[in-house]
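The structure appears below as structure tokens.
The values are calculated or read from the model by the stated rules, or taken from the named source; none is laboratory data. Worth saying up front: this structure is predicted, and the values here are computed from it rather than measured. With ideal geometry, Cβ positions are generated from the backbone for all residues, glycine too; neighbour counts draw on all protein chains shown.
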Amino acid sequence: MKSLEDLAEIRERTKALIQLKDGTYEKRVVVGMATCGISAGARPVFDTLKEEVESLGLSDKIEVTQTGCIGICQFEPVFEVYEAGKEGKVTYVKMDAEKAKKVAEEHLKNGNIVYEYTIGYTKL
């Protein structure tokens with residue numbers, strides 16, 4: 001932390017975690033928006049997810065937010081889905097706007113993970 005802006009960003013991320021835990025949101029989508037993600041096309045993915053959540057009428061149940069580096073740059077654009085009451089997360093990799101639309105419909109709306117776009121998550 002080097003500035004008040006850094007502190008404000010940490011505060012917002014922490015508030016988002018608290019909201020997910022206290023039941024404000026059912027799901028939270030975190031899009032990696034560090035330099036690596038942005039250069040790989042994360043901005044259209046982020047924008048598409050925001051638009052789809054809104055158009056599907058899920059804004060009161062799902063939060064779409066951004067973060068810095070997720071740590072797997074070779075798989076960018078990357079986003080993670082956290083669900084209230086569940087441990088772990090689902091990590092979607094090598095995403096684009098069309099794939100993000102499919103995930104919004106299938107996973108965020110209907111609860112069905114789109115396994116073909118995930119990493120480190122296997123269907124049981």
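A few comments on the model shown:
- If you go through segment 48-79 and keep only what is touching a helix residue (DSSP H, G or I) at 6+ places or on another chain (Cβ under 8 Å) and either over 14 Å from LEU108 (Cβ atoms) or part of a loop (DSSP other than H, G, I, E, B) (or both), you end up with LEU56, LEU58, SER59, GLN66, THR67, CYS69, ILE70, CYS73, GLU76, PRO77, VAL78.
- Pairs where the first residue, in segment 80-105, is outside any strand (DSSP E or B) and the second is among the polar types (S, T, N, Q) and crowded, with 19+ Cβ neighbours inside 10 Å, C-beta under 7 Å, 6+ apart: ALA97/THR48; ALA100/THR48; LYS101/THR48
- Test for THR48: is it surrounded by 15 or more Cβ atoms within 10 Å (Cβ to Cβ), under 20 Å from LYS94 (Cβ atoms) and either out of contact with any His (no Cβ under 8 Å at 6 or more places or on another chain) or modelled with pLDDT of 95 or more (or both): yes
- Set side by side, the residues LYS50, LYS86 differ, and just one is more than 14 Å from the chain's Cα centre (by Cα) and basic (Lys, Arg), which is LYS86.
- Flag if ALA16 is assigned to a helix (DSSP H, G or I), at pLDDT below 95 and surrounded by 15 or more Cβ atoms within 10 Å (Cβ to Cβ): yes
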